[in-house]
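Working notes, structure below.
The values are calculated or read from the model by the stated rules, or taken from the named source; none is laboratory data. No experiment lies behind these values; they were computed from the predicted model shown. Note that each Cβ is placed from the backbone with ideal geometry, even for glycine, and that neighbours are counted across all protein chains shown. Surface areas here come from the heavy atoms of the whole protein model, side chains and all, with no ligands, DNA or RNA. Shrake-Rupley method; radii C 1.70, N 1.55, O 1.52, S 1.80 Å.
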Amino acid sequence: MNRAWTFEVKGKAERTKQIRRFYVVSILGQCINIGVTTALYNVVGNDHLLIAKVTGAGVGAIWNFMGSRIYAFRGHV
C-alpha cells in the first residue's frame, strides 16, 4: 500500500526488489526508534519517558519515509 499510495508506483516492475528494500528500511527504522528512545531514556530518566518515546518514534518515522523515498522506491518519485 505504501508503494501505491505514498509513492504512486504502478505496475509490477521491480516489485520483489522494492519489497526487500522496504523491509530493510523498516527494520533499520525500528532499530533507530529503539536506539533513540533508549538513549534519551538513559539521559532524561523515567520522569520524561514519554518525551523519549515520542522523539524516538519521530526520528524513526522520518527515517522510514526518507529511506523509502530515496532507496526502496527510488527512481519513481
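Based on every Cα atom in the chain, Rg and the maximum pairwise Cα distance Dmax equal 15.2, 49 Å. Per-atom-type breakdown for the chain gives carbon and sulfur 65% of the accessible area (1.4 Å probe, protein chains only).
For the chain, the per residue solvent-accessible surface stands at 72 Å², with DNA, RNA and ligands left out and a 1.4 Å probe. Ranking I32, M66, V54 by how far each Cα lies toward the positive end of the dipole of the chain (charges on Cβ) leaves M66 at the top.
Placing unit charges on the Cβ atoms only, positive for Lys and Arg and negative for Asp and Glu, gives the chain a dipole magnitude near 560 debye about its Cα centre.
Among the trypsin sites (Lys or Arg not before Pro) within the range 1-60, those in coil by DSSP and having at most 13 neighbouring Cβ atoms inside 10 Å are K10, K12. Using the Cβ of Y41 as centre and a radius below 12 Å, the other residues enclosed give a net charge of 0, where K and R count +1 and D and E count -1.
Given 0.36 nm per residue, what is the gain on full extension from I62 to Y23 after removing their alpha carbon distance, in nm? Let's see the in-between values first.
Details: separation 39, 0.36 × 39 = 14.04 nm, distance 1.54 nm.
Extra length available between I62 and Y23 comes to 12.5 nm.
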